[in-house]
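Every number here is computed from the coordinates shown, using simple stated rules; none is lab data. This structure is a prediction, so every number in the text was calculated from the model and none was measured. Cβ atoms come from the backbone with ideal geometry, glycine included; neighbour counts cover every protein chain shown.
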Amino acid sequence: MRQPFAALITAASLSVQPAEAQETNLQPNHPYAGMWVTDDNRVRHELLPSGRYVEARGQRERAYEGRYEVDGTHIEYWDDTGFTADGDFVDANTLHHGGMILRRKPATP
C-alpha cells in the first residue's frame with residue numbers, strides 16, 4: 001500500500017515543478033504595467049511590475065489573480081485557479097482581452 005501512495009506524492013511533486021520553473025522566467029519590465037479598465041469601470045485589471053495581475057469585477061476587488069507574461073504586444077495569463085487567457089495591446093493605451101476593451105488608467109499623483 002505504501003508504494004502507490006509514494007508514487008502519487010512523487011507525481012504530485014513533479015506536476016508542480018514546471019509552474020515553479022516558469023515563475024523564474026517572468027518579464028515584468030514592459031511598458032504595459034499599471035491599471036487597465038473597461039469604459040464602464042466594471043472590470044479593473046492591474047498588471048503588477050512583479051509579473052502578477054489582480055483583476056476586479058464589479059464589487060469583487062480580487063475576482064481573479066495570477067501571473068502574466070508579455071511578448072511584444074501579446075499578453076498571456078495563468079490564473080491561480082488554473083485557467084489561461086490571453087490578449088493583445090492594440091496601442092499603448094488599449095488592451096483587447098477576453099472580448100473586452102480595456103484602456104490604460106492614468107496614474108494618479
When only C-alpha pairs under 8 Å and at least 6 residues apart count, what is the relative contact order of the range 54-103, in percent?
20
How much length would be gained if the chain were fully extended between residue 108 and residue 32, taking 0.36 nm per residue of separation minus their Cα-Cα distance, in nm to one decimal?
25.8 nm
Within the under-15-Å Cβ sphere about residue 92, not counting residue 92, Lys/Arg +1 and Asp/Glu -1 give a net charge of +1
Which whole-Hz ³J(HN,Hα) couplings does the range 56-61 yield from phi under the Karplus relation 6.51 cos²θ - 1.76 cosθ + 1.60, θ = phi - 60°, glycine and proline marked x?
9, 10, x, 7, 7, 5
For the range 95-101, Karplus-derived ³J(HN,Hα) couplings (6.51, -1.76, 1.60; θ = phi - 60°; whole Hz; x for glycine and proline) come out as 10, 9, 8, x, x, 10, 10
Rounded, prolate or oblate: which one fits the range 30-88, using the alpha carbon gyration tensor with axes a ≥ b ≥ c (rounded when a/c is under 1.5, else prolate when a/b beats b/c, else oblate)?
oblate
